[in-house]
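Since the structure comes first, as structure tokens, the remarks are kept for the end.
The values are calculated or read from the model by the stated rules, or taken from the named source; none is laboratory data. None of these values were measured; they are calculated from a predicted model. In this analysis, Cβ positions are derived from the backbone assuming ideal geometry, glycine residues included, and neighbour counts consider all displayed protein chains. Note: areas computed on protein heavy atoms with side chains; ligands, DNA, RNA excluded. Shrake-Rupley method; radii C 1.70, N 1.55, O 1.52, S 1.80 Å.
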Amino acid sequence: MLLWPSAAQAQFLLSWQQLEACEGRSGAFSFTPAIQQLDGKTVSIKGFIIPLDTDGEAYALSAYPLSSCFFCGNAGPGSVMELLLEEPRRFHTDEYLTFEGILGLSPASEGMVFQLKEAKLIK
């Protein structure tokens, strides 16, 4: 299994491969058992910043840079997650950063299927 607790904190280091292993079918999304177990748990993940608005208030974290991400390239919905920041701040497009927060799963066809709630930048 690719999940492991961080030695420094009681959280799980999440990989994009784990998220991309989940599948979408007929407008709904199916999560692997390992990902289902992490719903509502604190996780950390590294990715590229993708702005979702021109005001710099809404962001996604992506496995890929903007030019090849879910929105602009051919990546699937498991390669992106919505960042719900604990403290709003500005980021630059394609910054590669690590965040921790509470994993949220949303199998409905509206919005992103993964969310990182109470997300904060890990320095």
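Numbers for the structure displayed
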item	result
Amide H within-cut-off set for residue 58, under 5 Å, with H built and near neighbours excluded	52, 53
Simple spin-label estimate for residue 105 and residue 21 in nanometres, 7 Å along Cα-Cβ	1.3 nm
Karplus-derived 3J(HN,Hα), 6.51/-1.76/1.60, for each residue of the range 80-92, Hz, glycine and proline x	8, 9, 6, 9, 9, 6, 5, 10, x, 7, 9, 10, 9
Surface accessible to a 1.4 Å probe, residue 87 within the full protein complex, Å²	140 Å²
Nonlocal amide H pairs with residue 11, under 5 Å, H built at 1.01 Å	6
